[in-house]
Amino acid sequence: MRTTVGIIGAGPAGLLLARLLHNAGIGSVVLESRDRAYVEQRQRAGILEQGTVDVLRAAGAGERMDREGLRHDGIELRFARERHRVDFPALTGGSSVTVYAQTEVCKDLIALQLKEGGPLLFDAEALAVEDADSEHPRVRFRHEGREDVLECDYVVGCDGFWGVARKAVPAGLSRVFERTYPFGWLGVLADVPPSHDELVYARHDRGFALLSMRSPTVSRLYLQVPEGTDAGSWRDEDIWDELDRRLETDDDWRLERGPVTAKSVTPMRSFVHEPMRHGRLFLAGDAAHIVPPTGAKGLNLAVGDVVTFARALVHLRATGSAERLDAYSETCLRRVWQAERFSYDMTTLLHRAPDAPPFEDRIQLARLRRIAASRAAETDLAEAYTGFPFE
Ligand code: APR
Ligand code: PHB
C-alpha cells in the first residue's frame, strides 16, 4: 500500500488531519487499531475553542456542531461556598467556547471520511514506523490478521499517548518533560438536565469538583479522587452526596440528581515530548503531549498541531519551500507550552493534593480571590480558556 501521508490513529487529530488533507487534494490513509464503535463511544472532554470551531466549520465538518453545540460565554468558579462568574466575551473582546463532545466530533469526521475521504482502516494496528529519517518512511501494520506495509512520503503519528509513533524517535534525540499528579478524576454521565447553564469549577477542602454537560438533558460531572481509584468502588448515591458537598453554596442553588449512565476514572498527567518531528515523522496530539483535563485543552491542542502540519504541507506544494514544515515542531511547541502552563495552573489552583500543607489551601484561596477581584487576573484566565490564535 502506498500514500502521500500515512496517518496513525483515528482520534480527533488523525481524523481531522485526513479531512484537511482531503480538502487540499492530498492523499492519505488512516490506520486505527480499535473498531469504529469503540472510537465513537470513548468519553472525553467537550470544550471547543473558537479557533477549533472555525477550523471544523471551514473543513466542512461543522454542520451538526453548529446545530447541536452550545455556545458558552463564561464559567463559574466556586470556592469557600462563594460563586464567581468569569465573563469571556467581556474580558477577551468577544471570545467564547462551544460545548460539543469530542465523541460527536469524531463521529462527524468518521462519517465524512467514509463517505468521501481516503481509506480509513479500523482494526488496523500500526506496529512500527520505519526509516522515519529517510525520503521513504513506512508504517508496518497488522490488519485482519495479516501484516502489511504502508509506504508514505510523510507519516503523522496521531496515535495518542500509548501509541508507537513516538518510539521511532531515537532515544538520544528525545526529551520528555513530565509531571504526574497524585489524584485522578471520577467522571459520570447522568440523564439529568445540567444544574447550571455554564460549567462550574469548584475548589473544596475535600477536593475538586466539576459540573459540565453534554446537552440540555445530559450532565457530565467529575470528582477529584485518589490516584488509582476504581470507578466501580463508588456507588451512585455516594457520588451525588460528594458532588453536593463540594459544589454547595450559601445561596439557594441545588444540584439535581438523575440516573448515572457511565462511570470512569481518568488519570492526570502533564507530558511533552520534544521534538515533535523526526525526519519525515511528525507527532500530533496526545502522541506528543498530554495536559490534565482541568483546562479542557487536549482536543484543541491536537487541532492546532494538525492544522499546522496541513498548512505547512500545502505551503510546500504551492511554493516549493519546506520552511514551514521544518518549523513544525517549534511552531506547535510554542502553543503546547502555553496550554501546559494553563492546565497546570488550573490544576494546582483547584485540586487538593493529599498531603498539602494548610499553607497551600490559603494560597489557593488567595489565587481564586485575586481572579475574582482583579480584571487583569481574570482576563488572563479568560484569554487562555477561550484559546490563543493559531500562528
Ligand atoms: N495503531 C493504530 N492506531 C493506534 C495505535 C496503533 N499502534 N495506538 C493507538 N491508536 C489509536 C487509538 O486507538 C486512538 O483511537 O490512536 C488514536 C489516538 O486518539 P486519541 O487518544 O483521541 O488522541 P488524539 O487524536 O491526539 O486526540 C487528543 O484526546 O485524550 C484526548 O484530551 C485529549 O482531547 C484530546 C484528544
Ligand atoms: C467535559 O465536559 O468533559 C469537560 C469539561 C471541562 C473540562 C474537562 C472536561 O475542563
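The values are calculated or read from the model by the stated rules, or taken from the named source; none is laboratory data. None of the values given here were measured: they were computed from a predicted structure. Every residue, glycine among them, receives a Cβ derived from its backbone with ideal geometry; neighbour counts consider all protein chains shown. We work out accessible area using only protein heavy atoms, side chains counted, and drop any ligands, DNA or RNA first. Shrake-Rupley method; radii C 1.70, N 1.55, O 1.52, S 1.80 Å.
Remarks
- Enumeration of residues in region 25-49 that are of a type outside the set (Lys, Arg) and either open to solvent by 50 Å² or more (accessible area, probe 1.4 Å) or farther than 30 Å from Leu316 by Cα (or both): Gly25, Ser33, Asp35, Ala37, Tyr38, Val39, Glu40, Gln41, Gln43, Ala45, Gly46, Ile47
- Region 290-325, subset open to solvent by 40 Å² or more (accessible area, probe 1.4 Å) and either touching a His at 6+ places or on another chain (Cβ under 7 Å) or acidic (Asp, Glu) (or both), residue nearest to ligand 1 (Cβ to nearest atom): Arg324
- Scanning region 13-24 for residues that are more than 7 Å from ligand 1 (Cβ to nearest atom) and either open to solvent by less than 10 Å² (accessible area, probe 1.4 Å) or part of a loop (DSSP other than H, G, I, E, B) (or both) yields Leu15, Leu16, Leu17, Ala18, Leu21, Ala24.
- Considering residues of region 1-12 that are part of a strand (DSSP E or B) and not aliphatic (A, V, I, L, M) only, the residue most open to solvent (accessible area, probe 1.4 Å): Arg2
- Pair list, Cβ under 8 Å, 6 or more apart: region 363-387 residue at positive phi, other residue among the charged types (D, E, K, R): Gly387/Glu49
- Residues of region 186-229 classified as polar (S, T, N, Q), assigned to a strand (DSSP E or B) and modelled with pLDDT of 95 or more, total: 3
- Residue match in region 51-62 (condition: more than 9 Å from ligand 1 (Cβ to nearest atom) and hydroxyl-bearing (Ser, Thr, Tyr)): yes
- Residue within region 330-351 that is more than 26 Å from Glu383 (Cα to Cα) and under 25 Å from the mean Cα position of the chain (by Cα) present: no
- Check on Leu313, among the hydrophobic types (A, V, I, L, M, F, W, C), in contact with a helix residue (DSSP H, G or I) (Cβ under 6 Å, 6 or more places away or on another chain) and in the same structural domain as Glu274 (by TED's automatic domain parsing): no
- Helices (runs of 4 or more DSSP H) wholly inside region 255-372 containing at least 1 residues that are more than 24 Å from Val169 (Cα to Cα): 298-319, 328-350
- Close Cβ contacts (under 8 Å, 6 or more residues apart or on different chains) running from residues in region 253-268 that are at positive phi to residues that are part of a loop (DSSP other than H, G, I, E, B) are absent.
- Residues of region 243-252 satisfying the condition of being without any contact (Cβ under 8 Å) to a residue 40 or more places away in the chain and either part of a loop (DSSP other than H, G, I, E, B) or surrounded by fewer than 20 Cβ atoms within 10 Å (Cβ to Cβ) (or both): Asp244, Asp252
Table: residues versus (1) assigned by TED's automatic domain parsing to the domain that holds Trp337; (2) within 14 Å of Ile8 (Cα to Cα); (3) out of contact with any Gly (no Cβ under 8 Å at 6 or more places or on another chain); (4) surrounded by fewer than 22 Cβ atoms within 10 Å (Cβ to Cβ).
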{"position": "Val149", "(1), (2), (3), (4)": "yes, yes, yes, yes"}
{"position": "Cys152", "(1), (2), (3), (4)": "yes, yes, no, no"}
{"position": "Gly157", "(1), (2), (3), (4)": "yes, yes, no, no"}
{"position": "Phe161", "(1), (2), (3), (4)": "yes, yes, yes, yes"}
{"position": "Gly172", "(1), (2), (3), (4)": "yes, no, yes, yes"}
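- Residue within region 371-381 that is surrounded by fewer than 22 Cβ atoms within 10 Å (Cβ to Cβ), within 14 Å of ligand 2 (Cβ to nearest atom) and hydrophobic (A, V, I, L, M, F, W, C) present: yes
- Selection of region 50-76 for residues being surrounded by fewer than 21 Cβ atoms within 10 Å (Cβ to Cβ), under 26 Å from Ala202 (Cα atoms) and either more than 16 Å from ligand 2 (Cβ to nearest atom) or aliphatic (A, V, I, L, M) (or both) yields only Leu70.
- Matching strands (runs of 3 or more DSSP E) fully within region 66-174 where at least 3 residues are farther than 28 Å from Leu48 by Cα: 124-130, 138-143, 146-151
Per-residue answers, yes or no, for (1) within 13 Å of ligand 1 (Cβ to nearest atom); (2) closer than 19 Å to Leu16 by Cβ:
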| position | (1), (2) |
| --- | --- |
| Glu242 | no, no |
| Gly258 | no, no |
| Thr266 | yes, no |
| Pro275 | no, no |
| Gly279 | no, no |
| Ala288 | yes, yes |
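- Any chance Pro182 is out of contact with any Cys (no Cβ under 8 Å at 6 or more places or on another chain), away from ligand 1 (no atom under 16 Å from the Cβ), open to solvent by 10 Å² or more (accessible area, probe 1.4 Å) and assigned to a loop (DSSP other than H, G, I, E, B): no
- Boolean, Leu120 is closer than 30 Å to Gln364 by Cα, touching a residue at least 60 places away in the same chain (Cβ under 8 Å) and outside the structural domain of Arg369 (by TED's automatic domain parsing): no
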